[in-house]
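**Student:** Handing you a structure now.
Derivation of every value follows stated rules applied to the coordinates shown; laboratory data play no part. Bear in mind the structure is a predicted one, so any value in this text is a computation, not a measurement. Don't worry about glycine lacking a Cβ; one is built from the backbone with ideal geometry, like all the others, and counts go over all protein chains shown.
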Amino acid sequence: MSQASRKDYEQLRISGLHAFYGESHILHGIDMEVKRGELVTLLGRNGAGRSTTLKAIMNMVGRRTGSIMINGEETMSCAPHHIARLGVGYCPEHRGIFSGLNVMENLTLPPVVRSGGMGLEEIFSMFPNLYERRTSQGSKLSGGEQQMLAMARILRTGANMLLLDEITEGLAPVIVEKLGEVLVKLKSKGLTIVLVEQNFHFAAPLADRHYVMEHGQIVEEISADELESKQSTLDKYLGV
Amino acid sequence: MTEILGIPTAVLFGQLLLGIINGSFYALLSLGLAVIFGLLKIINFAHGAMYMLGAMVTVIMFDVMGVNYWVALLAAPLVVGCFGVAIEYFLLRRIGGQDHIYSLLLTFGVALMIQGILTNIYGVSGMRYAMPDVFKGGFRLDFMYLPYYRAWVICVALVVCFGTWFVIEKTKLGAYLRAGTEDSQLMQGFGINVPLLVSLTYGFGVMLAAFAGVLAAPIYSVNPVMGSNILIVVFAVVVIGGMGSIAGAIITGLLMGVIEGLTKVVYPEFSSAVIFLVMVIVLLIRPSGLFGKEA
């Protein structure tokens with residue numbers, strides 16, 4: 001606990017990370033670190049390598065080199081199922097809801113990896129819609145409901161570092177707002193969050209720091225209080 | 001003698017019974033194929049060989065060690081299942097992520113090798129396996145004679161099929177299997193040991209085939225090619241039922257056995273082809289199979 005509560009505890013440190021899909025070289029030497037309790041975003045255009053960075057952390061890319069330390073432990077040679085056991089919860093792009101499973105089955109599918117995860121009661125009070133739809137097949141859910149479910153199921157596992165990939169994509173503003181509230185709540189609980197986000201206006205008020213990616217590299221690191229002064233640089237990279 | 005549509009009831013029900021028996025074997029075998037295809041995306045051409053191994057191991061264990069039927073019913077599937085896990089671990093895993101055709105050829109090759117080796121040792125003339133004493137005799141019903149063993153095969157096949165369906169559709173372990181069928185990489189990202197799940201699933205599918213083999217030993221000719229004869233029909237059953245559908249494999253298996261049996265009554269020459277005719281019709285009308293999901 002003493003280690004966990006220290007503010008500067010380094011939960012994730014990536015250095016010199018290269019990732020490949022077959023012959024294509026996607027990530028070209030990523031360096032970043034995330035401290036416990038921080039909310040950090042990966043910004044950039046489509047194809048900049050943000051999703052691949054999350055997948056590389058999960059060891060879900062073809063090949064990777066460099067170093068990824070999670071809680072001070074080197075994970076380059078870890079199988080994907082061991083990485084989750086280090087307390088990492090991954091919410092993939094397009095949500096990854098299993099259509100052949102109902103809501104309850106989807107929710108309880110990921111094994112509990114650490115103690116201190118949310119109970120079903122707490123989850124259902126956070127996402128009341130899911131309770132109403134608990135017996136529905138995954139394929140019958142709306143986009144918003146799927147996204148709630150994708151979030152909920154990694155909160156139950158007790159993961160203390162969440163990798164969230166484009167969670168607001170294609171969702172109605174009211175749902176996006178709800179997700180923002182959820183992230184604030186999770187942050188206040190001390191969870192570490194790495195957020196890949198297209199919607200800068202969603203991410204800006206939530207994040208402690210931003211990494212801007214382009215062509216598989218991190219080109220800029222901007223902390224929350226530098227946002228205003230670096231707005232024009234950011235606009236250039238994001239092509240707003 | 002009573003008749004239905006000009007056919008003596010004894011003949012009709014006799015063939016119907018044979019159809020249900022054959023259907024039970026089709027169901028057990030196609031079930032295993034469906035389970036394996038679902039998670040591994042492998043078309044297991046070694047399935048017939050595993051069925052044959054189940055029967056051969058039963059006979060050999062009896063001849064060499066005097067192992068009785070009841071022990072064989074558990075031991076033979078376990079032995080063959082372990083062999084299946086070894087095949088998955090040492091061979092199939094090496095070609096994971098490659099095109100379907102590789103695993104198809106690999107399992108086909110494994111089947112040919114097993115079949116060839118056993119043919120070399122035991123020949124193809126068929127081995128004897130005595131019916132356990134407890135199954136001698138049968139029920140004398142008004143309309144037909146039902147041998148005890150055949151009744152046993154139908155019951156136990158139905159129980160095993162239903163049990164498998166229940167585990168896959170209604171339990172946590174089954175949820176892992178169903179989820180793995182959709183996205184095994186994400187499952188692994190959640191901390192589930194997917195490689196282990198894959199090995200055990202292949203082993204389980206193979207066990208089902210071997211279990212069918214043990215059931216077959218007392219009533220069918222046990223020889224090294226018995227598996228390749230039945231496998232083609234079983235593949236047709238899986239195609240008709242729809243790839244990857246568990247309930248579909250079971251129901252279609254039984255149904256095809258019955259259709260085959262009834263064809264034997266009305267037009268015996270066509271009985272071995274009727275399943276393939278059904279397959280053609282189903283593929284024309286519903287390409288994803290009777291119970292398959294539309295792509």
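**Student:** Given the C-alpha centroids of segment A:163-210 and segment B:100-160, what is the distance between them in whole angstrom?
**Tutor:** Measuring centre to centre over Cα atoms gives 59 Å.
**Student:** Let me ask something additional. Report the relative contact order of chain B, percent, no decimals, based on alpha-carbon pairs under 8 angstrom and at least 6 residues apart.
**Tutor:** For chain B, the relative contact order is 39 percent.
**Student:** May I ask you to order B:161-174, A:87-100 by the average number of other C-beta atoms within 10 Å around their residues, highest value first?
**Tutor:** Packing order, densest peptide first, comes out as A:87-100, B:161-174.
**Student:** Across segment B:157-173, in residue order, what do the Karplus-derived ³J(HN,Hα) couplings come to in whole Hz, using 6.51 cos²θ - 1.76 cosθ + 1.60 with θ = phi - 60° and x for Gly and Pro?
**Tutor:** 5, 5, 5, 5, 4, 5, x, 5, 4, 4, 4, 6, 8, 10, 10, 4, 4
**Student:** Next question. So between residue B:196 and residue B:229, what do we pick up on full extension, going 0.36 nm a residue minus the alpha carbon distance?
**Tutor:** 8.7 nm
**Student:** Still on this structure, I have one more. What angle do you read, to the nearest 10 degrees and between 0 and 90, between the alpha-carbon axis of helix A:173-188 and the longest principal axis of chain A?
**Tutor:** Result, in degrees: 80.
**Student:** Further, regarding this structure: Using a Cα distance threshold of under 23 Å, what count of lysine pairs results for chain B when pairs must be 8 or more residues apart or interchain?
**Tutor:** Number of lysine pairs found: 5.
**Student:** Partner chain Cβ atoms within 10 Å, averaged over the residues of B:263-274 - can you pull that number for me?
**Tutor:** Partner-chain Cβ atoms within 10 Å, mean over residues of B:263-274: 0.
**Student:** Once amide H atoms are placed 1.01 Å from N in the peptide plane, what residues at a sequence separation of 5 or more from residue A:219, or on another chain, have their amide H within under 5 Å of its amide H?
**Tutor:** Close amide H contacts, sequence-distant or interchain: A:212, A:213, A:214.
**Student:** I need the calculated FRET efficiency for the pair residue B:276 and residue A:74, taking r as the beta carbon distance and R₀ as 56 Å, to the nearest 0.05.
**Tutor:** Given R0 = 56 Å and the Cβ-Cβ separation, E is 0.50.
**Student:** How far, in degrees from 0 to 90, does helix A:143-155 lean away from the longest principal axis of the Cα atoms of chain A, to the nearest 10?
**Tutor:** 80 degrees
**Student:** So if the hydrodynamic radius of segment B:13-118 is defined as the Kirkwood radius over C-alpha pairs, what does Stokes-Einstein give as its diffusion coefficient at 10 °C and 1.306 mPa s, in µm² per second?
**Tutor:** 105 µm²/s
**Student:** Okay, next question. Using helices alone, I'd like the mean residue ellipticity at 222 nm for the protein assembly as shown: each DSSP H run of four-plus residues gives -39500 (n - 2.57), total over residue count, nearest 500.
**Tutor:** -17000 deg cm²/dmol, from helical runs alone.
**Student:** May I pose another question? Any chance you could count the Lys pairs in segment A:79-231 whose alpha carbons are under 29 Å apart, treating pairs 8 or more apart or on different chains as valid?
**Tutor:** Going through segment A:79-231 pair by pair, I get 7.
**Student:** Using a Förster distance of 45 angstrom, determine the FRET efficiency expected from the C-beta separation of residue A:20 and residue B:120, and round it to 0.05.
**Tutor:** 0.45
**Student:** Taking 7 Å along the Cα-to-C-beta vector as the label spot, tell me the residue B:156-residue A:223 distance in nanometres, rounded to one decimal.
**Tutor:** 7.3 nm
**Student:** Also, quick follow-up: Got a sec to turn the phi values of segment B:207-213 into Karplus ³J(HN,Hα) couplings, 6.51 cos²θ - 1.76 cosθ + 1.60 with θ = phi - 60°, whole Hz, x for Gly and Pro?
**Tutor:** 4, 4, 5, 5, 4, 4, x
**Student:** Once you order the gyration tensor axes a ≥ b ≥ c over the Cα atoms, which shape class does segment B:48-189 get: rounded for a/c under 1.5, otherwise prolate or oblate by comparing a/b with b/c?
**Tutor:** Oblate, because a/c is 1.5 or more while a/b does not exceed b/c.
**Student:** Right, something else. May I ask you to order A:148-158, B:277-287, B:177-187 by the average number of other C-beta atoms within 10 Å around their residues, highest value first?
**Tutor:** Result, highest mean first: A:148-158, B:177-187, B:277-287.
**Student:** Considering only the protein assembly as shown, what is the antiparallel percent among its DSSP beta bridges, to the nearest 5?
**Tutor:** 65 percent
**Student:** Going by amide H atoms built from the backbone, whose H comes under 5 Å of the H on residue A:102, apart from near neighbours?
**Tutor:** A:138
**Student:** So, by mean Cβ neighbours within 10 angstrom, what's the order for B:192-204, A:44-56 with the highest one leading?
**Tutor:** A:44-56, B:192-204
**Student:** Measure nothing fancy, just the Cα-based angle from helix B:226-241's long axis to the longest principal axis of chain B, in degrees from 0 to 90, nearest 10.
**Tutor:** 80 degrees
**Student:** Averaged over peptide A:93-103, how many Cβ atoms belonging to another chain are found within 10 Å of each residue's Cβ?
**Tutor:** The mean count of partner-chain Cβ atoms within 10 Å per residue comes to 4.
**Student:** Residue by residue, what Karplus-based ³J(HN,Hα) values in Hz, rounded to whole numbers, does segment B:251-266 have, using 6.51, -1.76 and 1.60 with θ = phi - 60° and x for Gly and Pro?
**Tutor:** 5, 4, x, 5, 4, 5, x, 5, 4, 4, x, 5, 4, 4, 6, 8
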